[in-house]
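Asks: Sharing a structure here in structure tokens format.
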Amino acid sequence: MMSNIRGLTFDDVMLVPGYNGIRSRQDVTTSVTVAGRTFELPIISANMDTVTGETMANAITEFGGMAILHRFMTIEENVDMFKRLKNRKKTGISIGIGEEAMPRAEALVAAGAEIICVDVAHGHSKEVNRTVRGLREKWGNNILIIAGNVATYAGADYLAAAGADVIKVGIGPGSVCSTRIKTGFGVPQLTALQECRKVDRCVIADGGIRTPGDAVKALAAGADFIMMGGMFAGTDETPGEFISRKNPDGTETKLKRFRGMASREAQEDFMGGMAEWKTAEGVAVEVLAKGPVRNVVLDVMGGIRSGLTYCGALNIKQLQRKAQFMEITPAGFQEGTPHATGRLTR
């Protein structure tokens, strides 16, 4: 049976400019409030082992965003890392759905954690529902629960009914994810956001953000937060050492590892290898060093602030109410990219 919903992603659409009565992009507000907690930036660093550790968490929360620590470490290591953070109130922790999920949550809540992300590739599942319900029954409204990932209204509604405060949206759009190629399943991210926003919960756009413009489109489509992994990969604050590669001309290029948590490499490191009944749904790559994460954050936030004024919106909620999407052709997309002939100087 064919769905009657047409799947669109960020490159398929543009936002149509509207009247702007705002004096300056400095006058817009980018803050997001969820379950009584306010974040000055709608940015979350992805809970991946090559993206968010202690240093990244401190940097992103200092800017006013949210960070979510990955869970691929022992419970003791997880607790120790969390205790060293400068801003625990704005940093989330991750759990899975296995037998150590609740013990990990208990240990981290005891250490002061208030944001728990139930981190599963396919969140529209009975075990995720059971885990979310267990967290809510144990700690009530003392914790903020993020759950995912889903890509449909039914999936988002299922997690909301279980007690999730925030729904994480994205099946297969990540830059090091191969779920759609390996399984044939997924929903283009813009359409997934538009469907999931129909549920009365905050929404995280997890995956598919490659440019500040993508971030603006995701927020306009209904996301309250954007979660970034690939855009932060290779920055100074990501875990891991830099790798130097010799170029043919004798110079060196600095690189860093970046990988999906369902990649064969990650499975070998954390699960003792890839089980015969599974397939890798992610890849591992080396990305160019990008310098401080501050540069990426400022670029994205500059695009979001400017995007708000192109829509005449003072805040993200107004952007969502006023936004008008136009479907475009590949030629229309190409027209909007730098295409001057000559030598690029900066």
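Asks: Just name the residue that is nearest to Val118 (Cα to Cα) out of those in region 13-46 that are within 20 Å of the chain's Cα centre (by Cα) and charged (D, E, K, R).
Replies: Out of the qualifying residues, it is Arg37.
Asks: Go through Asp249, Asp236, Asp269 for me and flag whichever is free of Cβ contacts under 8 Å to residues at least 24 places away in the same chain, more than 26 Å from Tyr153 (Cβ to Cβ) and among the acidic types (Asp, Glu).
Replies: None of the other options fit; the residue is Asp249.
Asks: Which one of these does Ala192 not meet: (1) modelled with pLDDT under 95; (2) surrounded by 23 or more Cβ atoms within 10 Å (Cβ to Cβ); (3) over 20 Å from Ile115 (Cβ atoms)?
Replies: (1)
Asks: State all residues of region 252-304 that are touching a helix residue (DSSP H, G or I) at 6+ places or on another chain (Cβ under 6 Å), under 21 Å from Thr61 (Cα atoms) and surrounded by 19 or more Cβ atoms within 10 Å (Cβ to Cβ); if no residue qualifies, say none.
Replies: Within region 252-304, Val293, Val297, Val300, Ile304 qualify.
Asks: Residues that are more than 20 Å from Cys177 (Cβ to Cβ): list the strands (runs of 3 or more DSSP E) wholly contained in region 230-346 that include at least 2 such residues.
Replies: By residue number, 243-246, 252-259, 325-327.
Asks: Follow-up question, since we're still on this one. Would you check if Asp249 is more than 22 Å from Thr309 (Cβ to Cβ), crowded, with 20+ Cβ neighbours inside 10 Å and acidic (Asp, Glu)?
Replies: For Asp249, the condition - more than 22 Å from Thr309 (Cβ to Cβ), crowded, with 20+ Cβ neighbours inside 10 Å and acidic (Asp, Glu) - is not met.
Asks: Hey, another quick one. If you check every pair at least six apart or on different chains, which have Cβ atoms under 6 Å apart with a residue in region 284-311 that is more than 25 Å from Phe258 (Cα to Cα) and in contact (Cβ under 8 Å) with a residue 12 or more places away in the chain first and a residue that is among the small types (Gly, Ala, Ser) and part of a helix (DSSP H, G or I) second?
Replies: Matching pairs, first to second residue: Ile304/Ala215.
Asks: Just wondering, is there one or more residues in region 51-59 that are of a type in the set (A, V, I, L, M), surrounded by 16 or more Cβ atoms within 10 Å (Cβ to Cβ) and in contact with a Lys or Arg (Cβ under 8 Å, 6 or more places away or on another chain)? Break it down stepwise before answering.
Replies: First pass over region 51-59, keeping only residues of a type in the set (A, V, I, L, M): 51, 56-57, 59.
Still in the running and surrounded by 16 or more Cβ atoms within 10 Å (Cβ to Cβ): 51, 56-57, 59.
Now restrict to residues that are in contact with a Lys or Arg (Cβ under 8 Å, 6 or more places away or on another chain): 59.
Scanning region 51-59, I find at least one residue that is of a type in the set (A, V, I, L, M), surrounded by 16 or more Cβ atoms within 10 Å (Cβ to Cβ) and in contact with a Lys or Arg (Cβ under 8 Å, 6 or more places away or on another chain), so the answer is yes.
Asks: Let me ask you something else. How many residues are under 21 Å from Thr91 (Cα atoms) and either part of a loop (DSSP other than H, G, I, E, B) or not polar (S, T, N, Q) (or both) when one looks only at region 135-167?
Replies: Result for region 135-167: 16.
Asks: Here are some conditions: (1) within 26 Å of Val187 (Cα to Cα); (2) surrounded by 24 or more Cβ atoms within 10 Å (Cβ to Cβ); (3) at pLDDT 95 or above. Asp119 meets all but one. Which one does it not meet?
Replies: All conditions are met except number (3).
Asks: Could you check Thr33 against (1) among the β-branched types (Val, Ile, Thr); (2) surrounded by fewer than 12 Cβ atoms within 10 Å (Cβ to Cβ); (3) in contact (Cβ under 8 Å) with a residue 12 or more places away in the chain and say which number it fails?
Replies: Every listed condition holds for Thr33 apart from (3).
Asks: Pairs only if they're at least six apart or on different chains, beta carbon under 7 angstrom, first in region 14-27 and loosely packed, with under 10 Cβ neighbours inside 10 Å, second small (Gly, Ala, Ser); list them, first residue then second.
Replies: Correct list of pairs: Tyr19/Gly312; Gly21/Gly312.
Asks: Pick from Ser263, Ser175: which is polar (S, T, N, Q) and modelled with pLDDT of 90 or more?
Replies: Ser175
Asks: Output the residues belonging to region 168-211 that are closer than 18 Å to Lys317 by Cα, assigned to a helix (DSSP H, G or I) and either out of contact with any strand residue (DSSP E or B) (no Cβ under 9 Å at 6 or more places or on another chain) or without any contact (Cβ under 8 Å) to a residue 40 or more places away in the chain (or both).
Replies: Once the filter is applied, which keeps residues that are closer than 18 Å to Lys317 by Cα, assigned to a helix (DSSP H, G or I) and either out of contact with any strand residue (DSSP E or B) (no Cβ under 9 Å at 6 or more places or on another chain) or without any contact (Cβ under 8 Å) to a residue 40 or more places away in the chain (or both), region 168-211 yields Leu193, Gln194.
Asks: Further question on the same structure: State which residue pairs qualify: first residue surrounded by 19 or more Cβ atoms within 10 Å (Cβ to Cβ) and inside region 73-92, second residue among the hydroxyl-bearing types (Ser, Thr, Tyr) in any location, beta carbons under 7 Å apart, and separation of 6 or more residues or different chains.
Replies: Leu85/Thr91; Lys90/Thr61; Thr91/Thr61
The values are calculated or read from the model by the stated rules, or taken from the named source; none is laboratory data. This one's a predicted model, so the numbers in the text were calculated from it and none came from an experiment. Here the Cβ is made from the backbone with ideal geometry for all residues, glycine too, and neighbour counts use every protein chain on show.
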